Amino acid sequence: MPIYTRSYRNYEGTFRRRNRWLLIVEQELRILVKSKIFQLLCFGAFLHWLARLLQIVAYDVIIQDPNHVLAVVLQQAKFITVNEQTFFDFLRIQGPLVFLTCLFAGSGMICNDFRNNLMEVYFSKPITWRDYALGKSLTLIAIGLSFTALPAFLLVIIHNFLAPGWETLMTTRWWPVEIFAFSLILVVPIALGVLACSSLLQSQNFAGITAFMILVANLVMAGLLAGFLQNENYLLLSIPVSLDRIGQAIFNQPRIVFSLGWGWPLALVTGLSVMCVAIIGRAVRRAECAP
């Protein structure tokens with residue numbers, strides 16, 4: 001049958017004038033949830049959350065009951081206590097898992113689009129380079145927050161439910177703000193750093209290895225400088241240590257590693273995040289403006 005005798009259905013969809021970046025987020029999440037490795041990483045995060053849930057139940061139900069058989073035993077274990085340090089440790093321990101998840105999910109987000117010539121497909125639609133970059137970044141940030149802030153919020157709610165009262169409510173009233181702030185501090189630099197490597201390299205494997213090696217080199221360099229110069233404040237140059245220092249300030253924890261204030265590590269992390277945003281924006285904008 002000749003093609004000119006065929007009729008084609010007209011486009012029946014509606015164009016989005018706002019929040020076009022949401023299409024990018026939906027597409028990336030739709031692909032990731034089908035991956036068994038991603039599901040395994042999510043299961044690992046759930047196991048840690050489950051362990052903290054058991055800690056809260058033991059503290060709120062067993063220890064608060066003086067007649068309980070295990071109350072005397074658990075009272076001797078200081079790690080059972082639920083306070084600000086509990087949630088600081090929870091988020092800090094989730095950090096490496098967030099890095100691995102962002103490494104798996106984000107190392108190919110941009111470079112695979114370049115390699116598969118999908119940039120022409122994206123930018124042939126009413127999607128700008130800002131929508132594209134924002135959608136990719138928010139996808140990784142949302143995944144990171146689902147491993148940190150979201151489960152921590154649930155733990156705070158469960159703690160208030162198991163130990164209801166004005167005293168518990170007043171004690172925990174600032175915990176959600178502290179949790180969200182530290183979660184952003186942890187997640188945003190990791191997500192932007194991985195995406196920056198993905199935008200600079202042409203292979204997902206190379207991008208993932210590069211991001212991992214940069215982190216290792218950063219840790220080694222900071223440790224060597226602190227050792228050679230005999231000044232622990234040079235550990236500030238280590239991104240994980242700087243993130244921990246900011247978390248100590250947010251959760252009112254004692255300074256453990258170096259004596260510098262939280263403003264210095266915050267400035268370092270902010271500067272690196274801005275640099276990563278510039279790298280991502282430059283690479284994506286060049287793809288949109290390519291002839």
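Observations on the structure shown:
- The charge dipole of the chain, taken about its Cα centre with unit charges on the Cβ of Lys, Arg, Asp and Glu (plus for the first two, minus for the last two), comes to roughly 1160 debye.
- Nonpolar atom fraction for the chain, defined as the carbon and sulfur part of the 1.4 Å probe accessible area, stands at 66 percent.
- Taking every protein chain into account, the accessible area of the chain amounts to 59 square angstrom per residue (probe 1.4 Å).
- In terms of accessible area, using a 1.4 Å probe and ignoring ligands and nucleic acids, Lys34, Lys125 rank largest first as Lys34, Lys125.
- Helical content of the chain, expressed as a calculated mean residue ellipticity at 222 nm, amounts to -22500 deg cm²/dmol (DSSP H runs of 4 or more residues, -39,500 (n - 2.57) each, divided by residue number, nearest 500).
- Lys/Arg +1, Asp/Glu -1 at C-beta; the chain dipole; positive extreme among Cys197, Leu229, Leu53: Cys197
- Positive dipole terminus of the chain, leading residue within Thr148, Phe161, Gln248 (C-beta point charges): Thr148
- Here the Kirkwood formula, the inverse mean of 1/r across different C-alpha pairs, assigns the chain a hydrodynamic radius of 21.6 Å.
- When Rg and the Kirkwood Rh are both derived from Cα coordinates, the Rg/Rh ratio for segment 141-191 amounts to 1.07.
- For Val82, solvent-accessible area (1.4 Å; no DNA, RNA or ligand), Å²: 10 Å²
- DSSP H segments from the chain that extend 24 Å or more along their own axis, Cα-based, with Kyte-Doolittle mean of -0.5 or above: 36-57, 84-106, 129-147, 175-200, 204-228, 263-289
The values are calculated or read from the model by the stated rules, or taken from the named source; none is laboratory data. Predicted, not measured: the structure shown is a model, and the values here were computed from it. A quick note on method: Cβ atoms are made from the backbone with ideal geometry, for glycine too, and the neighbour counts reach across all protein chains shown. Side chains are part of the model used for accessible areas, which takes the heavy atoms of the whole protein and leaves out ligands, DNA and RNA. Shrake-Rupley method; radii C 1.70, N 1.55, O 1.52, S 1.80 Å.
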